[in-house]
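The values are calculated or read from the model by the stated rules, or taken from the named source; none is laboratory data. Keep in mind the model is a prediction, meaning the values are calculated, not measured. Here the Cβ positions follow ideal geometry from the backbone for every residue, glycine too, while neighbour counts run over all protein chains shown. Keep in mind that these areas ignore ligands, DNA and RNA; they rest on the heavy atoms of the full protein, side chains included. Shrake-Rupley method; radii C 1.70, N 1.55, O 1.52, S 1.80 Å.
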Amino acid sequence: QVQLVESGGGLVQAGGSLRLSCAASGRTFSGYVVGWFRQAPGKEREFVAAIRWSVGAPSYADSLKGRFTISRDNAKNTVYLQMNSLKPEDTAVYYCAADTTSNRLRIGVAGSWGQGTLVTVSS
């Protein structure tokens with residue numbers, strides 16, 4: 001299984017932007033679908049976005065389309081989540097996940113997970 005290293009979380013004011021990074025360790029993302037999930041305090045983990053590494057095809061949670069963008073950098077073997085127009089309700093721990101099967105990833109049972117990075121949006 002690929003190992004995932006996340007970075008980029010922090011504190012930002014409402015309306016601001018952050019970019020999260022998810023780097024592969026131990027192997028490349030070739031053949032994987034890579035995604036982001038988030039879990040807010042007291043809430044269940046929810047799907048944010050995913051990208052199929054081989055073709056770069058993104059998918060998003062409907063509620064986040066237009067504000068969040070997932071992308072990849074082949075040379076750096078890294079997936080990014082650009083978050084714009086952040087709202088206090090975006091406050092959560094964001095997790096990177098990867099699996100060879102899109103279905104498993106989308107339902108939250110991916111084979112690889114990062115350690116999580118905290119995003120706090122102040123009002």
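The figures follow:
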| read-out | value |
| --- | --- |
| Filter pass, residue 24 being out of contact with any Leu (no Cβ under 6 Å at 6 or more places or on another chain) and within 17 Å of residue 3 (Cα to Cα) | yes |
| Output for the stretch 8-28, where each listed residue is at pLDDT 95 or above and not aliphatic (A, V, I, L, M) | 8, 9, 10, 13, 15, 16, 17, 19, 21, 22 |
| Residue list for the stretch 1-21, restricted to those being closer than 15 Å to residue 97 by Cβ and touching a Leu at 6+ places or on another chain (Cβ under 6 Å) | 20 |
| Matching residues, the stretch 30-52, being of a type in the set (Gly, Ala, Ser) and in contact with a helix residue (DSSP H, G or I) (Cβ under 9 Å, 6 or more places away or on another chain) | 35, 40, 49, 50 |
| Single residue of the stretch 17-41 satisfying the filter (of a type in the set (Phe, Trp, Tyr) and part of a strand (DSSP E or B)) that is surrounded by the fewest Cβ atoms within 10 Å (Cβ to Cβ) | 37 |
| Candidate set: the stretch 73-115, residues that are more than 20 Å from residue 57 (Cβ to Cβ) and β-branched (Val, Ile, Thr); chosen: the one modelled with the lowest pLDDT | 109 |
| The stretch 44-54 - residue that is under 13 Å from residue 79 (Cα atoms) and not in a strand (DSSP E or B) and, of those, least open to solvent (accessible area, probe 1.4 Å) | 53 |
| Unique residue being in contact with a strand residue (DSSP E or B) (Cβ under 9 Å, 6 or more places away or on another chain) and open to solvent by less than 50 Å² (accessible area, probe 1.4 Å) when the list is 11, 64 | 64 |
| Residues satisfying the stated conditions in the stretch 69-123, i.e. crowded, with 17+ Cβ neighbours inside 10 Å, touching a helix residue (DSSP H, G or I) at 6+ places or on another chain (Cβ under 9 Å) and over 14 Å from residue 6 (Cα atoms) | 83, 90, 99, 110, 121 |
